[in-house]
Amino acid sequence: MINRSLINKSIVESRLLLVCCMAALFGFCWTRVWLVSQFEMSRFQTIVEQFQQFERFFPVPFEQLFTYAGRIALTYDEPIVVVCISLWAIARGSDCISGEIGRGTMEMLLAQPVSRVQVLWSHVLVTVAGTGLLAIASWLGVYVGIQTTVVEEPAPAARVTIPWFGVEFPNPLAPVQMERVPMRERVRATWFVPAAFNLFSLGVFGAGLSTLMSAFDRYRWRTIGIVAGFYLVQMTLKIVGLAADHLSWLSRLTFFTAYEPERFVSVAIHNSERTWSLWFRDAQGLSVLGPLGYNLILLGLGFAAFVGATIVFRIRDLPAPL
């Protein structure tokens, strides 16, 4: 049974970081939607198409960059969003064991009538709950941005009617008129729920990995360094795997391959029945993982790491405080 006092302690220790990350995600996602409304991508379509060879680095075709939904979906791949969720996950995961040991508070905690499992999982529950709140904050930022943003689009061209014949055709000499259209008439906020859930899954994996590394170590700074280095290697593997066809197998060795929020938004828009599918058959009739399948990989690895951390923490000898 989880000790309520331990949960309260974890909440108090992490609330400032949580509030700051939530505010950053909410504000950035709202601002990002507004920025999308300020640029008419059709004007840059010819330029973007000149970089067609770089399309392999994108999980969706370039054509989707010319739509409001496609550009808003890129919000979840922005460094600020990934850094915020990773900052929370690594900070909380590294603090639960090596952080307590490094501060000399672990012996004080275990001197109380609580078990090691209770100490660890009180941290885990607060961390996972906070990860969920961060994902919700990101989606709420997108939602508010969609509800409050207005875009300017060319109005329907003026038409000329030929008397007696009743024939109408566009007037090419008429000046182009712009009209203001609410973003909510072009984009649905529900399309981005799969992206927010994918962000949550990424955070759970990062928290699980950090907790596992924390269970082996006594210095929080070293735990953070190991996890940050692992993130860097994983990102490098994904970039190299996308850059060279003969090295594409490297993409299977990185957890970042399971983080594809833009692709899941595209599925929600064009194949809504597959939005929460575990797997489905593609155009060639092959079985491929669906959005839920990718998320379950991240969630499964994350909770497996939490279980591994529990086993290690139960059997390890705690070092004497410095």
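Looking only at the stretch 161-207, filter to residues that are of a type in the set (V, I, T), within 16 Å of Y68 (Cβ to Cβ) and modelled with pLDDT of 90 or more; which one of those is least open to solvent (accessible area, probe 1.4 Å)? This residue is V187. Return yes when S98 is over 17 Å from the mean Cα position of the chain (by Cα), hydroxyl-bearing (S, T, Y), at pLDDT 90 or above and within 23 Å of F255 (Cα to Cα) and no when it is not. So S98 does not fit the description; no. Taken together, R218, R314, R222 contain a single residue that is farther than 30 Å from T190 by Cβ, of a type in the set (D, E, K, R), in contact with a Lys or Arg (Cβ under 6 Å, 6 or more places away or on another chain) and open to solvent by 50 Å² or more (accessible area, probe 1.4 Å), which is R314.
Scanning the stretch 71-106 for residues that are without any contact (Cβ under 8 Å) to a residue 40 or more places away in the chain and in contact with a helix residue (DSSP H, G or I) (Cβ under 7 Å, 6 or more places away or on another chain) gives R71, E100. Among the residues in the stretch 114-121, are any open to solvent by 10 Å² or more (accessible area, probe 1.4 Å), modelled with pLDDT under 95 and among the β-branched types (V, I, T)? Scanning the stretch 114-121 turns up at least one residue that is open to solvent by 10 Å² or more (accessible area, probe 1.4 Å), modelled with pLDDT under 95 and among the β-branched types (V, I, T).
Among all residue pairs at least 6 apart or on different chains, which show Cβ distances below 8 Å where the first residue, located in the stretch 210-237, is touching a residue at least 60 places away in the same chain (Cβ under 8 Å) and the second is buried (at least 18 other Cβ atoms within 10 Å of the Cβ) and of a type in the set (D, E)? From residues that are touching a residue at least 60 places away in the same chain (Cβ under 8 Å), the pairs are S214/D95; R220/D95; T223/D217. Suppose we keep only residues that are farther than 25 Å from I85 by Cα and in contact with a Lys or Arg (Cβ under 7 Å, 6 or more places away or on another chain) within the stretch 259-295. Which one would you say is most open to solvent (accessible area, probe 1.4 Å)? The extreme case among them is S287.
Give the residues of the stretch 9-24 that are farther than 21 Å from W139 by Cβ, touching a helix residue (DSSP H, G or I) at 6+ places or on another chain (Cβ under 8 Å) and among the hydrophobic types (A, V, I, L, M, F, W, C), sorted by residue number. Result: I11, single match.
The values are calculated or read from the model by the stated rules, or taken from the named source; none is laboratory data. As the structure is a prediction and not an experimental result, all values here were calculated from the model. Counting neighbours? That spans all protein chains shown, and the Cβs are built from the backbone with ideal geometry, glycine included. Remember, those area values only see protein heavy atoms, side chains included, never the ligands or the DNA or RNA. Shrake-Rupley method; radii C 1.70, N 1.55, O 1.52, S 1.80 Å.
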